[in-house]
Amino acid sequence: MLLAIDVGNTNTVLGVYRGRELLRHWRMQTDPERTVDEHGVLLQGLFGAAAIEPLIDGVILSCVVPPMQPTVEAVSREYLRVEPLTVGPGIKTAMPILYDNPKEVGADRIVNAVAAYERTRDTTIVVDFGTATTFDYISSKGEYVGGVITPGPGISLDALYQRAAKLYRVEMAKPPRVVGRNTIHAIQSGIVYGYVAMVDGLVRRIQEENGITARVIATGGFAKLLAPESQTIQEVDEFLTLEGLRILYERNH
């Protein structure tokens, strides 16, 4: 069985695959301060409850937090006795990267692009609602063309709370109406509906600039909240990154 690990800035997502079937998945907070042993004990606890640890014979890792990469690689070697495959320079993606400097593209963005194109086999835009919200454009030929990076909704909400003296932290939730009648609903409206308007505007601009009509797929922690309000997002897949890791593991073995 394969363990796919996606280390993001806020959360780390793990998935266990048997062939193409996602058997179990977990989401935990990303903590660069944890030691190899602490991560190992945590992983053993998750696997022990699921009775799958002895059956892991492959590990693939995508990491956008540099201090975490050697730690997670060491956990794979020391606790699972498996040499991990890490997404980065030299890995076979079967996807041309048209970025000016391909090394600048985050591993998670490449993984998402691979998974999305494998599904659509056509022009695609991936919107990943994470700590940062990224937009990735894949051509009809399966080329990674480029994209957009914006602060994520969580960062925007935190910045509003920290920089505006009379505003306070509120729950990230859909308000009852666009025009809020109290401060909580007004902030929620700005974050949810304002953010969705930005997403729809950027998706339309990408399509207009390139003369394309693209399939738009959303993923990431905030996708389920924001995507239903969008006029351009057509599909939500919370496990898109894990699926991309599975595909890349197969292409490299």
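The values are calculated or read from the model by the stated rules, or taken from the named source; none is laboratory data. These figures come from a predicted structure and were not determined experimentally. Every residue, glycine as well, gets a Cβ built from its backbone with ideal geometry; the counts of neighbours run over all protein chains shown. Heavy atoms of the whole protein, side chains included, go into the accessibility calculation; ligands, DNA and RNA do not. Shrake-Rupley method; radii C 1.70, N 1.55, O 1.52, S 1.80 Å.
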Exercise for review: Look at segment 28-51 and say how many of its residues are surrounded by 13 or more Cβ atoms within 10 Å (Cβ to Cβ) and assigned to a strand (DSSP E or B).
Suggested key: 1
Review point. So which of ILE184, ILE191 ends up being out of contact with any Ser or Thr (no Cβ under 8 Å at 6 or more places or on another chain), β-branched (Val, Ile, Thr) and part of a helix (DSSP H, G or I)?
Key: ILE184
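Looking at this structure, is THR150 surrounded by fewer than 17 Cβ atoms within 10 Å (Cβ to Cβ), of a type in the set (Val, Ile, Thr), more than 30 Å from VAL16 (Cα to Cα) and under 16 Å from the mean Cα position of the chain (by Cα)?
Yes; evaluated as a whole, the condition is true for this residue.
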Point to revise | Pairs with Cβ under 6 Å, 6+ apart, first in segment 232-253 and under 15 Å from ASP108 (Cβ atoms) and at pLDDT 95 or above, second among the polar types (S, T, N, Q) and part of a helix (DSSP H, G or I) | key: LEU240/ASN112; THR241/ASN112; GLY244/ASN112
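Do we have GLU83 as of a type in the set (Asp, Glu), farther than 18 Å from ARG246 by Cβ and either touching a residue at least 24 places away in the same chain (Cβ under 8 Å) or open to solvent by 20 Å² or more (accessible area, probe 1.4 Å) (or both) here?
no
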Check your understanding: Within segment 207-228, how many residues are of a type in the set (D, E, K, R), modelled with pLDDT under 95 and either in contact with a helix residue (DSSP H, G or I) (Cβ under 8 Å, 6 or more places away or on another chain) or surrounded by 15 or more Cβ atoms within 10 Å (Cβ to Cβ) (or both)?
Key -> 0
Check your understanding: Take the residues of segment 171-206 that are free of Cβ contacts under 8 Å to residues at least 40 places away in the same chain, open to solvent by less than 20 Å² (accessible area, probe 1.4 Å) and out of contact with any Pro (no Cβ under 8 Å at 6 or more places or on another chain): which is nearest to ALA113 (Cα to Cα)?
Key -> ASP200
